[in-house]
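Working notes, beginning with the structure itself.
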Amino acid sequence: MNTVLNLDSLRSCLEGILPAGLATCAPDGTPNVTYVSQLMYVDPEHVALSFQFFNKTRENILANPHATVLMMDPDTAARYRLSIRYLRTETAGPLFERMKATLAGIASHTGMAGVFRLRGADIYRVLAIEAVPGHSLPPPVARAPLLPALRRSVDALAGCRSLEHLIDTLAQCLERHFGITHQMLLMADATRQRLYIVASRGYASSGAGAEIPYGVGVIGVAAREQTPIRIIFPAAEYAYSRAIREQLEGGELADRLEASIPLPGLPDPSSQLAVPVRAGDRLMAVLYVESDQQYRFDYDMEDALVALCAMLGPCMCALQFEALDDDGTPATPARPPPDAAAPPLRVRYFAQDGSIFLDDTYLIKGVAGSILWALLQDHEALGRCEFSKRELRLDPRLRLPEVADNLDARLILLSRRLADREADLRIEKAGRGRIRLALARPVSLIAGGVQAA
Amino acid sequence: MTSPTVLTPALADFVTSHLSIHLAASDDRGIATLVRGLGCRRDPTTASRLRMLVAAPQAEPVLRALATNGRIAVVFSEPESHRTVQLKGHDAHRVERDPDDTALLAPYINTMVSRLATVGTPEAFVRALLHCPTEALCIVRFTPDEVFGQTPGPQAGQRLATGSALP
């Protein structure tokens, strides 16, 4: 392959902003030419073409794998011919899902929503790249380089001594160094195949505790396939307002819509990027960023955030355990005892799904709900307010998974959710791996009963 | 094989209405290549033939393949509607450019600027994409003998019977 021209430097041609042409040849020598809905970068030596319809192109490449693509740079109009050779078709998995999401954006952008349906991702090896002679425009003014932003962010994350500090630092770095104003971090719950928001920025409400099932929307697909998903145009079928509601309405959870925390997020984002955060093979979280601006996140931005998340995952994993003994943050001063004369806060708990309602209003469910219930039970029975994370980890009432329990993440979530609700009940740090239950008024605990929602 | 009726008036009107064009040819090793077209008009002497404008430096591999076997495929697409047809022929070859060919380039580019503006493509981009000095402009003439509907959708790629409605 040409050493100067390479796919890595031509990735903007492979964003699907402008259609490419594809020429193939039948066994009898007859040429065929079509427009390609989507030409996607796979790696420096491979591209993928969307396979949507059974047609002459399909017939030709199965019989004669050689083809030529004519693509253009969406900024400069420079044109390139790629000599390619068909290798295989993928109909499931990370690459297929990335292409499907990208195609959904292209379909909306070109008025083809409902027409384009991805049957497969056709993988081709790039044999040669030729610059086609002709006029072109000067390249656009370069934006601020991403490597310094990445380096500053990596340095900042490396200095974090607790999971909460890490999560907050990540959000700050994305905002300050990458100029990303709408973002969420969702922790993975592999047992329940769901993600829950632990932190967000740029929305009216934090949405802490709001859940997304694996496989739903950009974030859920990134989690299920453990691959980044990026869409540079509005794509209605991946918008959460719609995707989640449709899934819930059609499923067994239809009656539980009220008992959920609303998802934050832009109603119709023009650009979306979800990046899985992994430690080894294990999915820890998904970072999601979005924008009202089209093509806000390009391949380079995806690279930068993937690299950042490659560092974030192992940090998260390490800090979840180190934080048990000393999370490096000072204790919050103890509050005065609750006003005994105030009307009690009614806390209702449903063991079936760990859901908790405060004065009949839904708070949270799952492990975070079970944690809060256990703390309140001990407070009522034993008068305790302070607890060590170590004892919580061993408490069978919490039903934590034996490995990868995410206790610290769940405590952060619980504490933020209570703060979002401005509840008369808070979870605070009590120093050296300890937490404190802070009550502004007495509580009345009610176990079980008919689901209020 | 050549049918004089393939290029019906409706089809000729469509393909000469200044659409987005790509021409492909295949060499004798079975390798197809392609180039962007810069306009299309009916041949004034033979109504069943089309004259395609291309930039010679860009079209070099296509012209080379056409010189060996004359097999051509040309796709025409209306950017605003995605209405698309593909024509094929067996007798394509390079012919001398005449003044009417040269005169076609400017209106072709101007119409493409307007068409692509409706899908948000800036004028400067379209002019750079379609720029061709007169001396580089060359003409490929061919007789379409097959036509295929290629508007995106499950019907894309189907051969259209002579005289049938365009997709």
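The values are calculated or read from the model by the stated rules, or taken from the named source; none is laboratory data. Remember, it's a predicted structure, so these values are computed and weren't measured experimentally. Every residue, glycine among them, receives a Cβ derived from its backbone with ideal geometry; neighbour counts consider all protein chains shown. SASA here: full protein model, heavy atoms, side chains in, ligands and nucleic acids out. Shrake-Rupley method; radii C 1.70, N 1.55, O 1.52, S 1.80 Å.
For the range A:14-28, the count of residues that are open to solvent by less than 40 Å² (accessible area, probe 1.4 Å) and part of a helix (DSSP H, G or I) is at least one. Condition check for A:VAL154 on (1) of a type in the set (A, V, I, L, M, F, W, C); (2) open to solvent by less than 40 Å² (accessible area, probe 1.4 Å); (3) in contact (Cβ under 8 Å) with a residue 40 or more places away in the chain: one failure, at (2). Quick check on B:LEU23: is it touching a residue at least 60 places away in the same chain (Cβ under 8 Å), buried (at least 18 other Cβ atoms within 10 Å of the Cβ), over 18 Å from A:VAL36 (Cβ atoms) and not acidic (Asp, Glu)? The answer is no for B:LEU23.
Among (1) open to solvent by 20 Å² or more (accessible area, probe 1.4 Å); (2) touching a residue at least 60 places away in the same chain (Cβ under 8 Å); (3) within 13 Å of the chain's Cα centre (by Cα), which single condition is A:SER206 missing? Just one mismatch for A:SER206, condition (3). Tell me which residues, restricted to the range B:24-33, are aliphatic (A, V, I, L, M), assigned to a strand (DSSP E or B) and more than 11 Å from the chain's Cα centre (by Cα). Scanning the range B:24-33 gives B:ALA25, B:ALA32. Looking at the range B:91-109, is at least one residue within 14 Å of chain A (Cβ to nearest Cβ) and more than 24 Å from A:ALA77 (Cα to Cα)? Scanning the range B:91-109, I find at least one residue that is within 14 Å of chain A (Cβ to nearest Cβ) and more than 24 Å from A:ALA77 (Cα to Cα), so the answer is yes.
Can you tell me how many residues in the range B:75-90 are surrounded by fewer than 16 Cβ atoms within 10 Å (Cβ to Cβ) and away from chain A (no Cβ under 11 Å)? Going through the range B:75-90 one residue at a time, the tally reaches 0. Go through (1) closer than 18 Å to A:LEU22 by Cβ; (2) surrounded by fewer than 19 Cβ atoms within 10 Å (Cβ to Cβ); (3) not charged (D, E, K, R) one by one and return the number of the condition A:GLY179 breaks. Checking A:GLY179 against (1) closer than 18 Å to A:LEU22 by Cβ; (2) surrounded by fewer than 19 Cβ atoms within 10 Å (Cβ to Cβ); (3) not charged (D, E, K, R), the one that fails is (1).
Per-residue answers, yes or no, for (1) assigned by TED's automatic domain parsing to the domain that holds A:ALA210; (2) out of contact with any helix residue (DSSP H, G or I) (no Cβ under 7 Å at 6 or more places or on another chain); (3) more than 19 Å from A:SER162 (Cβ to Cβ):
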{"position": "A:SER388", "(1), (2), (3)": "no, yes, no"}
{"position": "A:ASP395", "(1), (2), (3)": "no, no, yes"}
{"position": "A:ALA409", "(1), (2), (3)": "no, no, no"}
{"position": "A:ILE412", "(1), (2), (3)": "no, no, no"}
{"position": "A:ALA419", "(1), (2), (3)": "no, yes, no"}
{"position": "A:GLU422", "(1), (2), (3)": "no, yes, yes"}
{"position": "A:ARG426", "(1), (2), (3)": "no, no, no"}
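Filtering the range A:55-73 to residues that are assigned to a loop (DSSP other than H, G, I, E, B), in contact (Cβ under 8 Å) with a residue 60 or more places away in the chain and at the interface with another protein chain (Cβ under 8 Å from one of its Cβ atoms) leaves nothing. Criterion applied to A:GLY207, A:GLY179, A:GLY220, A:GLY202 was being assigned by TED's automatic domain parsing to the domain that holds A:ASP268 and farther than 30 Å from A:ASP405 by Cα, and the one residue passing it is A:GLY179.
Here the range A:207-217 is the region considered, the condition is being under 17 Å from A:PRO267 (Cβ atoms) and assigned to a loop (DSSP other than H, G, I, E, B), and the residue that is modelled with the lowest pLDDT is A:VAL216.
Inspection of the range A:140-157 identifies no residue that is hydrophobic (A, V, I, L, M, F, W, C), within 11 Å of chain B (Cβ to nearest Cβ) and farther than 21 Å from A:ALA307 by Cα. Counting only residues that are touching a residue at least 40 places away in the same chain (Cβ under 8 Å), part of a strand (DSSP E or B) and surrounded by fewer than 21 Cβ atoms within 10 Å (Cβ to Cβ), the range A:257-282 holds 2 of them. Within the range B:7-18, not a single residue is within 12 Å of chain A (Cβ to nearest Cβ), surrounded by 20 or more Cβ atoms within 10 Å (Cβ to Cβ), within 8 Å of the chain's Cα centre (by Cα) and under 15 Å from B:ILE72 (Cβ atoms). Taking the range B:45-59 as the range and being more than 14 Å from chain A (Cβ to nearest Cβ), surrounded by fewer than 23 Cβ atoms within 10 Å (Cβ to Cβ) and either over 17 Å from B:SER17 (Cα atoms) or modelled with pLDDT of 95 or more (or both) as the test, the residues that pass are B:THR45, B:THR46, B:ARG49, B:ARG51.
Scanning the range B:61-118 for residues being among the aromatic types (Phe, Trp, Tyr) and in a helix (DSSP H, G or I) gives a total of 1. Suppose the filter is in a loop (DSSP other than H, G, I, E, B) and either on the phi < 0 side of the Ramachandran plot or in contact with a Gly (Cβ under 7 Å, 6 or more places away or on another chain) (or both); does A:LEU137 pass it? Criteria met by A:LEU137.
Residues that are more than 11 Å from chain B (Cβ to nearest Cβ) and more than 30 Å from B:VAL147 (Cβ to Cβ): does the range A:20-40 have at least one? Within the range A:20-40 (the criterion being more than 11 Å from chain B (Cβ to nearest Cβ) and more than 30 Å from B:VAL147 (Cβ to Cβ)), the answer is yes, since at least one residue qualifies.
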